[in-house]
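Novice: What follows is a structure written as structure tokens; I'll ask about it next.
The values are calculated or read from the model by the stated rules, or taken from the named source; none is laboratory data. Keep in mind it's a predicted model, so treat the numbers as computed, not measured. All Cβ positions, glycine included, derive from the backbone under ideal geometry; neighbour counts span all protein chains shown. What goes into the accessible areas is simple: the full protein's heavy atoms, side chains included, and nothing from ligands, DNA or RNA. Shrake-Rupley method; radii C 1.70, N 1.55, O 1.52, S 1.80 Å.
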Amino acid sequence: MKSSNEANVQDIKIKPPSECTDEEIQSFFNLVKKGGEVNINTLEAGIRRARLLAFCYINQDLAGVAALKNADRGYQNNVFERAGEPKLAEKFQSEIGYIYTEEKYRGRHICPILVQHLMNDSADKIFSTVRMRNKNMIKIISKLGFRQVGHRFVGKQQDKGRYYVQLFIK
């Protein structure tokens, strides 16, 4: 599945967290933490609850990660409500998230490759939330067939302050 745009993508691994080593979970955690867009106090538990984790290795170096998360109904209902689309919440079973690519590997299409693999391994209806300032992720998720629904809403992370979030569905 290599193309010229995927140069040096050596190894894609997709597996449930229960099949990951502690080292893989820790490496996944460390990479997502670098992105600075998630609450690190709940990150490890969220990783371990995910349905599937995706890892991209280039020359044995972890270059990027993504997750297909089992939807937490309370969180999911809150997100759809805040986006002004509460009736849509019950139609979705999974969320794409915890996506991050190491800076030195950006531009190699790692993120869309990982997300596409996760979507291929799931028959679920999937949603994702993206911070409005993350223009690259909005472009990627849109190219993968996700569409914006509802209106943007204010998110809040204790150490990051306020930011705007948009809901996407597929």
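Novice: With every protein chain kept in the model, how would you rank GLU44, GLU103 by accessible area, 1.4 Å probe, largest at the top?
Specialist: Per-residue accessible area, sorted high to low, gives GLU103, GLU44.
Novice: Oh, and also: Write down the accessible area per residue of region 37-89 in Å², having rolled a 1.4 Å probe over the full set of protein chains.
Specialist: It amounts to 49 Å² per residue over region 37-89.
Novice: About the Cα centre, and with charges only on the beta carbon of Lys, Arg (+1) and Asp, Glu (-1), how big is the dipole of the chain? Nearest 20 debye, please.
Specialist: The dipole of the chain has a size of about 820 debye.
Novice: How much accessible surface does PHE153 have with a 1.4 Å probe, in Å² rounded to 10?
Specialist: 20 Å²
Novice: A follow-up question, please. List the lysines whose Cα sits under 21 Å from the Cα of LYS170, skipping any in the same chain fewer than 8 residues away.
Specialist: LYS69, LYS87, LYS91, LYS125, LYS135, LYS139, LYS143
Novice: Still on this structure, I have one more. Please list, in order along region 163-170, the HN-Hα scalar couplings obtained from phi with the Karplus expression 6.51 cos²θ - 1.76 cosθ + 1.60 (θ = phi - 60°), rounded to whole Hz, x for Gly and Pro.
Specialist: My calculation for region 163-170 gives 7, 9, 10, 10, 8, 10, 10, 9 Hz in order.
Novice: Please work out which option in [x] 10, 33, 29, 17, 9, 2, 0; [y] 8, 28, 29, 13, 7, 6, 5, 3, 1, 0; [z] 10, 40, 39, 11, 1 gives P(r) over Cα pairs in 10 Å bins from 0, in percent calculated from these coordinates, and answer with its label.
Specialist: So the structure-derived entry is [z].
Novice: With the convex hull built on the Cα atoms of region 71-155, state its orientation-averaged projected area in nm².
Specialist: Reported value for the Cα convex hull: 5.8 nm².
Novice: Determine the share of the chain's accessible area contributed by carbon and sulfur atoms, expressed in whole percent, with a 1.4 angstrom probe.
Specialist: Carbon and sulfur together cover 44 percent of it.
Novice: If you line up the long axis of helix 110-120 against the longest principal axis of the chain, both from Cα atoms, how many degrees apart are they, to the nearest 10?
Specialist: That helix lies at roughly 70 degrees to the long axis.
Novice: How far apart, in nm, are the 7 Å Cα→Cβ label points at ASP11 and ASP121?
Specialist: 1.5 nm
Novice: Further, regarding this structure: Once you put a point 7 Å from the Cα of GLN60 and another 7 Å from the Cα of ILE40, both along the Cβ direction, what distance in nm separates them?
Specialist: Between GLN60 and ILE40, the label points sit 2.7 nm apart.
Novice: Taking just the alpha carbons, could you work out the radius of gyration and Dmax for region 103-146, both in angstroms?
Specialist: Using the Cα atoms of region 103-146, the pair Rg, Dmax is 11.1, 33 Å.
Novice: Starting from 0.36 nm per residue, how many nanometres of slack lie between ASP72 and LYS91 once their C-alpha separation is accounted for?
Specialist: Value of the extension gain: 5.5 nm.
Novice: Using label points projected 7 Å from each Cα along Cα→Cβ, tell me how many nm separate THR21 and ARG147, to one decimal.
Specialist: It is 4.4 nm.
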